[in-house]
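The values are calculated or read from the model by the stated rules, or taken from the named source; none is laboratory data. Bear in mind that the values here come from a model prediction, so they are computed numbers and not experimental data. Counting neighbours? That spans all protein chains shown, and the Cβs are built from the backbone with ideal geometry, glycine included.
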Amino acid sequence: MKSVFLILLLLGSSACTQVEPWVKPYERANLADPVMLFERDPISDSYMHHVREAREGARGAAGSAGGGCGCN
Amino acid sequence: MFKRGLTLLLLLPAIVQAAVLPEDRVDLLYHSYDGQDVEVNGPSFLVRKSLSPNVSLTANYYVDNITSASIDVVTQGSKYTENRREGGIGADFLYEDTTFTVGISNSEENDYSATTSWFGLTQEFFGGLSTLSLGYGRGSDEVRRNDDPDFEPQDVDRRSYRLGFTQVLSKNAVMGASWETISDEGYLNNPYRGYRFLTNTGAGFAFSDEEIYPGTRTSNAASVRGRYFLAPDASVHAEYRYFSDDWDIRAHNIEFGYTRRWGERWLGEVGYRYYTQTGSDFFSNVFAFENAQNFMGRDKEYSPFDNHTLRFGASYQFLPDGWWRLNSGTINLNYDFIRFSYDEYTDNTNTTDASQIPNEKLLEYDAHVLRLFISIWF
């Protein structure tokens, strides 16, 4: 319970003090390169998910959460 | 899990740099799968168009033309052809660093209908370096059987809960992690398949009219993935996923890949994926007698097996400077070679007598998966 309170305190305090992005906007060229995209081609990726789910017992947690390059 | 993620999300401070919606684009794809006497091909179409900087709509249409003479089909039925058509629409709404997504899709076959709707929420924070996403999906399926007019249509209810996180680690590295829980309830059998069992104290064998599956299934999957930039124009990536469900299936898959640009127009990719799973606790290649246990099935998808995939991809950019209302486009060709090797499921195509069962060979086959598509940004 104490640790939960500390985490909440830290998160709360960080809301008041701006966290500096540790990768500056001018340092994100490599992250924005097409070779760095998790899902560059959504139509092809969703097809491959379909092929696998039809033939494998496992399912779910395929693909990325989206975003994340910080390049906007 | 959903509640805890939402609480965490509300506590996280959103700062600087607003998020943006994906670019307007249209994709037209031809797909082809060829493996173990199953051929599936057809077109797919996906369009994304923004109405304003804060609203973007998507629509997709997908067709599977299926010709199947797979081992399950020829040993328990006859070769068939059919098609599946799927259409869906969705919308993304952006508010500051938060994107809300809603959508619905419908899939129709002559013996199966499925409607799925979903809601998602994506939040960027720490200047866009971190992304948290939550998703919920709900599906309602109806299962029918073409060759049996007395078969009453059966329902399946599906729910999925998803949590994802993507993190920029450095100016050259990004990683992501996902968790997804899926639960199904209803008629989960394949209505055309039966289980195999020995008769006359082992002298003969037969197939049951239907498999007997549990009425529920709950699964959990967790995955991590990462990409690292190799200067000046390449990247490597890796992914791992662990899966388990209450049918006693455990699965692992791991993937590695290398992507590289040549000049401004060409992009190539090679990759390798390994997948392995244990079988469900009600799978058996042949049961000792009829009604040997409560649940029984002989689906190779739920048997223990592994597969290896080699992937090759190439992409060429045209109209790099745009034309008319088009910003740019790519033409792409992706090919996957997959080798499936089953640990218990055997090839029973020519088996006519129970004495031949011990000599059946374990099933192994290769599949070829092709995607040819054009993407245009506008």
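Here are the numbers for the structure shown:
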{"read-out": "Candidate set from region B:103-135 (those that are outside any strand (DSSP E or B) and away from every other protein chain (no Cβ under 12 Å)); member that is surrounded by the fewest Cβ atoms within 10 Å (Cβ to Cβ)", "value": "B:Asn110"}
{"read-out": "Checklist (1) touching a residue at least 60 places away in the same chain (Cβ under 8 Å); (2) closer than 22 Å to A:Arg55 by Cα; (3) of a type in the set (D, E, K, R) applied to B:Glu239, failing item", "value": "(1)"}
{"read-out": "Filter result for A:Arg40 (more than 7 Å from chain B (Cβ to nearest Cβ), part of a loop (DSSP other than H, G, I, E, B) and either modelled with pLDDT of 90 or more or surrounded by 16 or more Cβ atoms within 10 Å (Cβ to Cβ) (or both))", "value": "yes"}
{"read-out": "Within region B:159-197, tally of residues that are more than 9 Å from chain A (Cβ to nearest Cβ) and touching a Leu at 6+ places or on another chain (Cβ under 9 Å)", "value": "1"}
{"read-out": "When residues of region B:170-196 are limited to those that are without any contact (Cβ under 8 Å) to a residue 40 or more places away in the chain, closer than 21 Å to A:Ala61 by Cβ and outside any loop (DSSP other than H, G, I, E, B), the one farthest from the chain's Cα centre (by Cα)", "value": "B:Glu185"}
{"read-out": "Region B:332-366, subset within 14 Å of chain A (Cβ to nearest Cβ) and touching a helix residue (DSSP H, G or I) at 6+ places or on another chain (Cβ under 8 Å), residue nearest to B:His308 (Cα to Cα)", "value": "B:Phe340"}
{"read-out": "Residue ID - farthest from the chain's Cα centre (by Cα), chosen from residues in region B:136-154 that are in a strand (DSSP E or B) and touching a residue at least 40 places away in the same chain (Cβ under 8 Å)", "value": "B:Val143"}
{"read-out": "Among (1) at pLDDT 95 or above; (2) over 30 Å from B:Phe256 (Cβ atoms); (3) in the same structural domain as B:Thr216 (by TED's automatic domain parsing) - the single one B:Ile89 does not satisfy", "value": "(3)"}
{"read-out": "Condition met for B:Arg85 (within 20 Å of the chain's Cα centre (by Cα) and charged (D, E, K, R))", "value": "yes"}
{"read-out": "Residue within region B:63-76 that is within 9 Å of another protein chain (Cβ to nearest Cβ), outside any loop (DSSP other than H, G, I, E, B) and either within 29 Å of B:Ser328 (Cα to Cα) or at pLDDT below 95 (or both) present", "value": "yes"}
